[in-house]
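Here is the structure we will look at.
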Amino acid sequence: MKMHPYAVLALALLPAFCSLYSAQSTAAASILIWPIDPVIEAADQASALWLENKDSKPVYMQIRVLGWQQQNGEDNYHSQSEIIASPPVATIDPGKRQLIRLVKTLPVPAGQERAYRILVDEIPRADENKTTQNIDMGLKFQMRYSVPLFVTGEGVWTRQNYEHPRDMATASLPQLSFRTVNQQGQRGVTIANQGKVHARLSKVSWVNGAQHTTLNDGLLGYVLPGAQMTFPAPQGGGTQLQATVNDQPKPMVINAR
């Protein structure tokens, strides 16, 4: 199977998405996940997510899909039934891969995009000395990976199709603006998205005339349609921002509002 070009970066990038570690987990992540930016477009019924065990022992995984919204500058997640993961649990032997199908049960209306988060939880192996009663008291996740998933309706797309390349100049784009803020003595930049698709912001810099000052050289974050998010900006400033947005080959200029 042809691997997404970002797959080789997954081990390095996924720790940035990890949202929970148990106290016992101090080792490096043992799971390789790709693609790190799955999508389900209007013509598709499902998408594939691959999990590979890089450890020397079997791993036990639980896979869930949550609805994702951004309200009042915060990420909010909720249970949903529009996208299901199949299978929802898996045991992966050392060096083996597991295919997880992300299946769409309801279509997205034309001209719209919906956002989800795929939670991939590594469940610790049970200690042989523990009793069944102790194990049943509750699961403690050893590692949690959070992967964004975007599902689009007719007429909306944001990602390059590497098997059937298309002109990215015709892709759906967010409509972004920004303002600087000061919250409790902490300087930041609030980026608003009035478009119909998300913005994945990376390699962000301030622009002041011909001068560019780096704000974040990696992944800054996501802003969903109709939402605004605030990101730390302790240094620098300018009249514009420049960022790599989604799969666009050229940086986008973001104006102040």
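For the range 49-57, take each phi angle, set θ = phi - 60°, evaluate the Karplus expression 6.51 cos²θ - 1.76 cosθ + 1.60, and give the result in whole Hz per residue in order, putting x for glycine and proline.
Taking θ as phi minus 60°, the curve returns 10, 9, 10, 10, 8, 9, 8, 8, 10 Hz for the range 49-57.
So how far apart, in nm, are the two label points at Thr91 and Glu74 if each is 7 Å from Cα heading toward Cβ?
4.0
Where a ≥ b ≥ c are the square roots of the eigenvalues of the C-alpha gyration tensor, would you call the range 171-256 rounded, which needs a/c under 1.5, or, failing that, prolate if a/b is larger than b/c, or oblate?
On the way: a/c = 1.78, a/b = 1.24, b/c = 1.43.
Judged from the Cα gyration tensor, the range 171-256 comes out oblate (a/c at least 1.5, b/c at or above a/b).
Which length gain, in nm to one decimal place, applies between Thr239 and Ala48 when the Cα-Cα distance is subtracted from 0.36 nm times their residue separation? If you can, show how the numbers build up before the last one.
Numbers: separation 191, 0.36 × 191 = 68.76 nm, distance 4.13 nm.
Separation in residues times 0.36 nm, less the Cα-Cα distance, equals 64.6 nm.
Once label points are set 7 Å from the Cα along Cα→Cβ at both Gln211 and Gln194, what is their separation, rounded to one decimal in nm?
2.9
Just to confirm my numbers, what's the Cα centroid distance between the range 161-217 and the range 33-92 in Å?
So the two Cα centres are separated by 25 Å.
Sorting Ser177, Ser56 on the 10 Å Cβ count, fewest up front, what's the list?
Ser56, Ser177
Starting from the Cα of Lys104, draw a straight line to each of the aspartates and glutamates and keep only those under 15 Å, dropping any in the same chain fewer than 8 residues away.
Glu41, Asp44, Glu82, Glu113, Glu154
Based only on other Cβ atoms within 10 Å, what is the fewest-to-most ordering of Ile254, Ile92? Working shown, then result.
Working: Ile254 23, Ile92 20.
If I rank by nearby Cβ atoms, fewest first, I get Ile92, Ile254.
Along the Cα-to-Cβ line of Asn255, 7 Å from the Cα, sits a label point; which residues in the range 164-179 have backbone N less than 16 Å from it?
174-179
Among Tyr222, Tyr60, which comes first, then next, by fewest other beta-carbon atoms within 10 Å?
Working: Tyr222 20, Tyr60 16.
Lowest to highest Cβ neighbour count: Tyr60, Tyr222.
A short reminder: the numbers here are calculations on the coordinates, not readings from a lab. Quick caveat: nothing in here was measured; it's all calculated off a predicted structure. In this analysis, Cβ positions are derived from the backbone assuming ideal geometry, glycine residues included, and neighbour counts consider all displayed protein chains.
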